[in-house]
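Below: one structure, written as structure tokens.
The values are calculated or read from the model by the stated rules, or taken from the named source; none is laboratory data. These figures come from a predicted structure and were not determined experimentally. FYI the Cβ positions are ideal-geometry reconstructions off the backbone, even for glycines, and counts take in every protein chain you see. Ligands, DNA and RNA are excluded from the accessible area calculation, which covers all protein heavy atoms including side chains. Shrake-Rupley method; radii C 1.70, N 1.55, O 1.52, S 1.80 Å.
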Protein chains: 2
Amino acid sequence: MFPEAGVLAPAVTAVFTAVLTEGPISRVALARRLGLSSGAVTKAARPLIEMGYLEELAATERTGPGAGRPASPLAIRADRELFVGVKITGDELIGVVCDLRAQVRTSAHRRLPVPDPDQVLTQLGELVDDLLDSHADYRPRTRRLGLAVSGDVDRTTGLVRYSPFLRWRDVPLRERAEKITGLTVTVENDVKALTTAEHWFGEGVGAESFALVTVGAGIGCGLVVGGRLVSGSHGVAGEIGHVGCDPNGPACHCGSRGCVEAIAGTGAIVRQAREATGRPELTLADAVALARAGDPPARAVFARAGDAIGSGIAAVANLVGPARIVVSGEGLSAYDLFEPHIRAGFQRQAFGAAADCPLSIRPLPFEEWARGAATVSIKALVDA
Amino acid sequence: MFPEAGVLAPAVTAVFTAVLTEGPISRVALARRLGLSSGAVTKAARPLIEMGYLEELAATERTGPGAGRPASPLAIRADRELFVGVKITGDELIGVVCDLRAQVRTSAHRRLPVPDPDQVLTQLGELVDDLLDSHADYRPRTRRLGLAVSGDVDRTTGLVRYSPFLRWRDVPLRERAEKITGLTVTVENDVKALTTAEHWFGEGVGAESFALVTVGAGIGCGLVVGGRLVSGSHGVAGEIGHVGCDPNGPACHCGSRGCVEAIAGTGAIVRQAREATGRPELTLADAVALARAGDPPARAVFARAGDAIGSGIAAVANLVGPARIVVSGEGLSAYDLFEPHIRAGFQRQAFGAAADCPLSIRPLPFEEWARGAATVSIKALVDA
């Protein structure tokens, strides 16, 4: 919640969110966009301007017949508050400082020898200190820290119920991170955090529905439907990695067979490349190098993986029909090997007009996960 | 829209919908449920009571310490208005008259020799007349007709863009049906209509998210997320029939291979049963009889089909996480042959807690499709 405000009226939240994600925007356009009267918009904007979150830009001169009063668009004052975001992986912490529009001001990493919760929290405290001490401006303007973790996360309580890559169970991450950093902490699943960032500040801006598919050790998916992140009534949603696409495919760690992740996750690719080449010591980098050099068995492994991802994405398009889909993730550093096969699998399996859904396929810049974590803490400003 | 009201305030729509689907319910419970003040509920209910859509039930006596004023729950007057619903299939019209709570008062059918639009509309006019003339009460109380058609339907304009089973393209069904019947007509895709009926009056009542899967000539799915029917940004949603589940499976009419529908649709089952038994004249009824008599090849065809449906349903649960899923449709007249395999395929492929999603698997009573069509015309009362 904003520091100076009590409980926010829904109109204040709506105006803030719309200006943040779609501004600068005039009061008239805001009123139309939100279905509010222009009086209600003016009233809702006032405390946000007083608190310094919004500002009025200089009026744009409008001339010509039919032009009304010059409009003074409302804009976010992006430097009004800063946010720290940290992604916790099994072997590394990645941290950023962002402004209100999730623009990265600085970033830093720390290697993690072991993802033991005690060690991670000590390192997290040091990383946050490093980030906030890197500029005299940062610490006084920062009150919030967003954390992103893969696995089953209870955002409401900040409890990490289960994170397979970290081997964590029931770690009260928010509570412990608040104690160490003194900041207000938000914890979210990493794919959901990244989806929120893309929905608010990336290709998903303004989309009623939107999907982000992440390709890496796991294959994940964040879904926005009706403008809201889908979280699943039973705590599971977006598990595109476990859509079954080949009953005779490789065994999956989930107990089934031929899941997208069992064919296209990083581990699966290495395993299949070792089998295909007969070289049991092959690494992912070796497999990528072999495939780029034109080795047919290695190329076939990436082709099959891309096809499985495309087929899984088509399931998302056929079932939910998002306005657009972004495919990203650290696995897409081998983008060139995947892309044509993702598109081919998608086109083959997308039904009718579902094939019209635009697909952006691109690698994920290094700090994006941490920026996603920061975005969740920006969102917490208005969610509280 | 209600005949006597102008544009309805959102609170009136919310109160009407909540009492219709969850009533009888006290004003206090309504206020809590809708996040309205009890004054706002009283104000919103007043015109609905005056128009005869709602009534106050006798106060239930509350005794004991802490009991407040006796509560007078609000209830729907189900016989205030009647609705006709008709499902149009390739060879038959199925019609019902329903009350406001979608309870069927009477039903009737007409065989269709050819699904030519002119003939269908003539027959439709006669069927509606038969239905409304079957009781002196019906015609004076009926203003609305809902039509359900498989395929790509534009609900806003009432245009049937493409219906493969009817072989219709761009038929302005609403306009033509209004001319012939004199009623206010709503046109909707049949699976969506059935989903609305189940969400408002069936197992989906009160669910934030919900899925209905229909098994028959096609395999369809209606999805409710965040309380609203998902329609897909590109006009496609719920196409569970074209989730790919076996790259080596049979060719599908969509151009791909191993789609759920290519394995489990009625036509696919007949085709596979003919191949498996070497009897090219086999009908669906023959295949069902053979399988029920224990014939292993025929049983294997239903087992594989059930498994493919279960795997497709798991994709819905893994991606969207509905609170519950109902599986129904005329194909489930062979319920006994499908059910264990649907459950096994679902359990194998559902990821983690997604397997907790309750699955109801049941045959679809004859008039349910038509009742779905009527429900959409009930919904149009408040959607207008």
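Summing +1 for each Lys or Arg and -1 for each Asp or Glu among the other residues whose beta-carbon sits under 10 angstrom from that of residue A:114 gives -2.
For segment B:253-338, the share of accessible area belonging to carbon and sulfur comes to 54 percent (1.4 Å probe, ligands and nucleic acids excluded). Could you give me D for segment A:133-246, from Stokes-Einstein at 20 °C and 1.002 mPa s, where the hydrodynamic radius is the Kirkwood radius over C-alpha pairs? Units µm² s⁻¹, please. Taking Rh from Cα pairs, D becomes 138 µm²/s. Using only the alpha-carbon atoms of segment B:49-173 as identical scatterers, what base-10 log of I(q)/I(0) does the Debye formula give at q = 0.15, 0.18 Å⁻¹? The Debye formula, applied to the Cα set alone, gives -0.77, -0.97.
Computed from Cα atoms, the angle from the helix B:266-277 axis to the main principal axis of chain B rounds to 30 degrees.
Normalised by the number of residues in segment B:181-222, the mean separation of alpha-carbon contacts (under 8 Å, six or more apart) gives a relative contact order of 34 percent. The tail of the calculated P(r) for the protein assembly as shown, taken as Cα-Cα distances beyond 35 Å, holds 54 percent of the pairs. Note on A:211-220: average number of Cβ atoms from other chains within 10 Å of each residue's Cβ is 0.
Semi-axis lengths, largest first, of the ellipsoid equivalent to segment A:277-318 are 26, 10, 8 Å, with √(5λ) applied to each eigenvalue of the Cα gyration tensor.
Listed peptides A:363-371, B:241-249, A:98-106, B:182-190 appear in the order B:241-249, B:182-190, A:363-371, A:98-106 once ranked by packing, highest mean of other Cβ atoms within 10 Å at the front. Viscosity 0.890 mPa s, temperature 25 °C: give me the Stokes-Einstein translational D for chain B in µm²/s, with Rh taken as the Kirkwood radius over C-alpha pairs. The calculation lands on 110 µm²/s.
In this rough spin-label picture, where each label sits 7 Å from Cα along the Cβ direction, the residue A:136-residue A:51 distance is 2.8 nm. When the helices of the protein assembly as shown are scored as -39500 (n - 2.57) per DSSP H run of n ≥ 4 and the total is divided over every residue, the value at 222 nm lands at -13000 deg cm²/dmol. The residues of segment A:206-361 expose on average 34 square angstrom of accessible surface per residue, using a 1.4 Å probe on protein heavy atoms.
With contacts taken as Cα pairs under 8 Å and at least 6 residues apart, segment A:257-363 reaches a relative contact order of 29 percent. Applying 1/(1 + (r/R0)^6) with r as the Cβ-Cβ distance of residue B:382 and residue A:169 and R0 = 56 angstrom yields a FRET efficiency of 0.75. Largest mean-square fluctuation among A:218, A:255, A:294, in a Gaussian network model of chain A whose springs join Cα atoms under 10 Å apart, belongs to A:255. Here is the interface size for B with A: some 3300 Å² of accessible area buried, both sides summed, with a 1.4 Å probe.
For segment A:206-361, the normalised intensity computed at q = 0.18, 0.21 Å⁻¹ comes to -1.03, -1.32 (log10 of I(q)/I(0), Debye sum over alpha carbons, equal scatterers, no solvent). Highest GNM mean-square fluctuation among A:199, A:135, A:341, for chain A modelled with Cα contacts below 10 Å: A:135. Relative to the longest principal axis of the C-alpha atoms of chain A, give the angle of the C-alpha long axis of helix A:368-383, reported between 0 and 90° and rounded to the nearest 10°. Around 40 degrees separate the two axes. Under 5 Å between amide hydrogens, built in the peptide plane, is the criterion, and for residue A:54 it picks out A:49, A:77 among residues at least 5 positions away or on other chains. Inter-label distance, residue B:33 to residue A:161: 2.8 nm, where each label sits 7 Å from its Cα along the C-beta direction.
Here, P(r) means the percent of Cα pairs in each 10 Å bin from 0 to the largest distance; for segment B:236-305 it is 23, 48, 25, 4.
Against chain B, whose longest principal axis is taken from its Cα atoms, helix B:296-320 shows a tilt of about 40°. Averaging the sequence gap over all C-alpha pairs within less than 8 Å and six or more residues apart, then dividing by the number of residues, gives chain B a relative contact order of 16 percent. The residues packed around residue B:79, meaning those with a beta-carbon under 12 Å from its beta-carbon, carry a net charge of +1 if Lys and Arg are +1 and Asp and Glu are -1.
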